Every structure is written in C-alpha cells, then in structure tokens.
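**Q** Encoded as structure tokens, here's the structure I'll be asking about.
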C-alpha cells in the first residue's frame, strides 16, 4: 500500500489535523494540494514538509472559490486521486434556544455546505478523468455518533456527513470512486487546547479529557488512502483511548 505519486487534496490544511495530514502525504511522496483560508499558513506547512505541493487559499463554503480550486488542481496535476474532506469549524457550546441563527449558519456553511461543495468537485473530477476513479475521505468526527452537551450545530452537521459518505459510496461504485469516513476524537490541536482544562460532561460536571497526537490521525488517513480502489475503509474511529466516548452519557 502506497500513496507515492498520488495527487491528494487536503482541506483545512493550514492547521491541526489537516496540516499534519498534508505534511504526512508530502513526506510519503504524494503530490499535495493544500487549501484553507490562510495563505501564509498553507505555504509554511508545505515548505516545512518539502515535496511537490500546490497551495490554494479557498473558503470551502464559497462555490466560486471551490470551482477555482478544482480548476487549479486540473491545470497543475491533471487529475485527483484522493480528497481528504477535512475543513470544519464550531461555535461555543450552548443550549439550542441560546444559539443565534448566525452561529448556526456559520457551522453549517463550512461543516456541511463546504463539505458538499468539496465532495461535489472531487467526485466530478474523479468521474471524468482518465483513468477514472479516486477516493474521498470525509472527516466525520466522534460527534457523528454521539453529541457533547450544547453541540447542536456541530453534531447535526457531523451526522449529515455520515449520510454524505454513504451516498457517495453508493453513487461512486459505477465510477471507481470509493468514499470512507474517519471519525476523530480529541486530537491535540489549536481547537482542542482547552480540552485538558475541562469540558462539560453529560452529568453536569466539568472534566479534563485526554487528547492524542495528530500524527496518529495522519497515519490513519494515509492507510485509508493507500488501499487499492477495490478495497475501502468505510468507517474508522480513532480516538484518545481514555476519552469519554464509550458510555459518554
């Protein structure tokens, strides 16, 4: 199993899981397209890893920018073998009646609409390239299975990603497009620095939660991407061993 020579798109590549995964692909010999909102962070991440890369700043919730992203991939590399559909965001935890429409829309725009736009572009490119086919890996999150307290927008979008994954898996069969989902829990990143200080629990208490290094997630994504298209990891859960997911409630 190898990703050497693959053309790979990683969204949300300027930090955290996306950055670590993009760098892992580069070090493994893939040609990597890094996208995110911060051009300087993309360039820094690509330079630190070395290899053949293309940095394309893009707001994944903007259809025009996403179309331009895939046009740039086609112009530079001519095809796309793997798409790690990873970009996401969140808002502070609160009950649904305290959630503003703007906060709700902010999460939906990136986590669901953005994931749809990226999947749509990747599917179309993989369907029409020669040789046909490729692999889409969606970042579903532990919240695709179980919510945290006060997480209505995030949990709703991540449950929806599971529906997207299943539908792409079905619709992609005719075109040699495989789709899988990686559900990630408590990865050490800028977004999770506060996890070790304490998070709300289902019983109303606050409790620190363990985290895992993002390199383990990158390794897992590379494993999924390295399979031949005749095989697919449909769903994978990777988590900090002692985090409260099993029996979270």
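**Q** Modelled label-to-label distance, residue 39 and residue 128, 7 Å Cα→beta-carbon offset: nm?
**A** Taking the two extended label points, one gets 2.7 nm.
**Q** Something else now. Considering only DSSP beta bridges whose two residues both sit in the stretch 7-239, what percent are antiparallel, to the nearest 5?
**A** 5
**Q** I would also like to ask the following. What's the angle, to the nearest 10 degrees (0 to 90), between helix 39-49's Cα axis and the longest principal axis of the chain?
**A** Here the helix axis deviates by roughly 70 degrees.
**Q** Hey, another quick one. At 7 Å along the Cα-to-beta-carbon direction for both residue 146 and residue 97, put a label point, then send me their distance in nm to one decimal.
**A** Using points 7 Å along Cα→Cβ, the separation is 2.8 nm.
**Q** For the stretch 101-200, report the % of Cα-Cα distances exceeding 22 Å.
**A** Tail fraction, whole percent: 38.
**Q** If you don't mind, there's one more thing I want to ask. Determine the gain in length on full extension of the stretch residue 106-residue 201; use 0.36 nm per residue of separation and subtract their C-alpha separation, reporting nm with one decimal.
**A** Extra length from residue 106 to residue 201 when fully extended: 31.8 nm.
**Q** Report the FRET efficiency, 1/(1 + (r/R0)^6), for residue 171 and residue 48, where r is their Cβ-Cβ distance and R0 is 35 Å, rounded to 0.05.
**A** Calculated transfer efficiency: 0.40.
**Q** Taking the 0 to 90 degree range and rounding to the nearest ten, how far is the long axis of helix 115-128 tilted relative to the main principal axis of the chain, both from C-alpha atoms?
**A** Relative to the chain, helix 115-128 is tipped by roughly 20 degrees.
**Q** Compute the long axis of helix 63-77 from its Cα atoms, compare it with the longest principal axis of the Cα atoms of the chain, and write down the angle in degrees, 0 to 90, nearest 10.
**A** Compared with the principal axis, the helix lies near 40 degrees.
**Q** Bin width 5 Å, alpha-carbon pairs only: give the P(r) of the stretch 7-239 as whole percents, running from 0 to the bin holding the largest distance.
**A** 1, 7, 15, 19, 21, 17, 10, 6, 3, 1, 0
**Q** Express in nm, to one decimal, how much length is gained between residue 234 and residue 1 on full extension, taking 0.36 nm for each residue of separation and deducting their alpha carbon distance.
**A** Computed gain between residue 234 and residue 1 is 82.2 nm.
**Q** What does the convex hull of the Cα atoms come to per residue for the stretch 195-249, in Å³?
**A** About 84 Å³ per residue, rounded to a whole number.
**Q** Could you work out how much longer the chain between residue 242 and residue 89 gets when fully extended? Use 0.36 nm per residue separation minus the Cα distance between them, nm to one decimal.
**A** Stretched fully, the residue 242-residue 89 segment lengthens by 52.7 nm.
Just so you know, all these numbers are worked out from the coordinates, no wet-lab data involved. What you see is a predicted model; the values in this text were computed from it and never measured. Here the Cβ is made from the backbone with ideal geometry for all residues, glycine too, and neighbour counts use every protein chain on show.
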